[in-house]
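Derivation of every value follows stated rules applied to the coordinates shown; laboratory data play no part. Since the structure is predicted, the reported quantities are computational estimates derived from the model, not experimental observations. Glycine gets a Cβ as well: all are built from the backbone with ideal geometry, and neighbour counts include every protein chain shown.
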Amino acid sequence: MRFQRRCHDTLPWLISVSLSGDGSFMTSDQNKLVVRRYIEEVINTGNVDRIAEFVSAEYVEVYRGIRSPVGVDGARKHVLDVRQTYPDLHLTIDRQIAEGDWVVTQVTARGTHRGSWLGMKPTGKGVEITAVNVDRVVGGRIVEHGGAANSLEALLEIGAIRVVGPETERDAEPDAPPNSPMAKERQ
C-alpha cells in the first residue's frame, strides 16, 4: 500500500518532465516558467539582448505547417519587428498548460499601432489581440514556436478593413452617419 501511494504521487511528475541541457530533468512547470519569463523579460520589455537566455540556437518558427529554422537571430528580428509596429506592446498571460516539452500559452496582446504593419501605415490606434502560442522547451531553452492569433480583430480596430453588407451594429446606433442605411430609414 505504501509503495502504491508513492508511485501514484510520483507518476504524474515523472510523466510530465523533459531533459535539460545538462542532462537533468525539467518539469512542465519549469518549462512554463521559461516561456513566462521570455514573455515578461524579453517580449514585454523589448530587451532582445537577453533572447539567448531563453531561445535555443536551433530555434524554429512554425507557420502554416512550414518549419523555418531562424535561430536566435531570427527570434531577435521577429521581436524587434513586432515592437517597431507596436512599441508599447504588452502581453498578458491568461493561462498556460504544459505537458513534457510542450507549453501552450494563451495571451492577450495590447499595443498602439505606431509602425507599418502588413503594408498599412500607422494609425496610432490601440489594438488588443488574443492568441495561443505553442512552444517546445528543451534544455531550458525554447526550440520551437508556433501558434495562432486573432489578427482580424486588430485589423478591424485600426480601420484597415471594415464590415460591409446588411445592417451592422453601427448602423443601428441612433447617431449613425447620415449616409448609413439606418439613418436613411429614419429620414
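Please give the FRET efficiency for residue 164 paired with residue 57, using the beta carbon to beta carbon distance and R0 = 30 Å, rounded to the nearest 0.05. Intermediate results must be reported in sequence, preceding the final value.
Values: r = 48 Å, r/R0 = 1.59.
So the FRET efficiency works out to roughly 0.05.
Taking other Cβ within 10 Å of each residue's Cβ, how do 88, 101, 49 sort, fewest first? Intermediate values should be presented prior to the final figure.
Numbers: 88 12, 101 18, 49 9.
Fewest-to-most ranking of 88, 101, 49: 49, 88, 101.
Let a ≥ b ≥ c be the square roots of the eigenvalues of the Cα gyration tensor of region 26-105; is it rounded (a/c under 1.5), or, if not, prolate (a/b larger than b/c) or oblate?
Here region 26-105 falls in the oblate category.
Based only on other Cβ atoms within 10 Å, what is the fewest-to-most ordering of 45, 105, 85?
45, 85, 105
Give the calculated FRET efficiency between residue 104 and residue 30 to the nearest 0.05, with a Förster radius of 22 Å applied to their Cβ-Cβ distance.
Values: r = 15 Å, r/R0 = 0.70.
According to the calculation, E is roughly 0.90.
Can you give me the distance in nm between label points at residue 151 and residue 41, each placed 7 Å from the Cα along the Cα-to-Cβ direction?
Simple spin-label model gives 3.0 nm for this pair.
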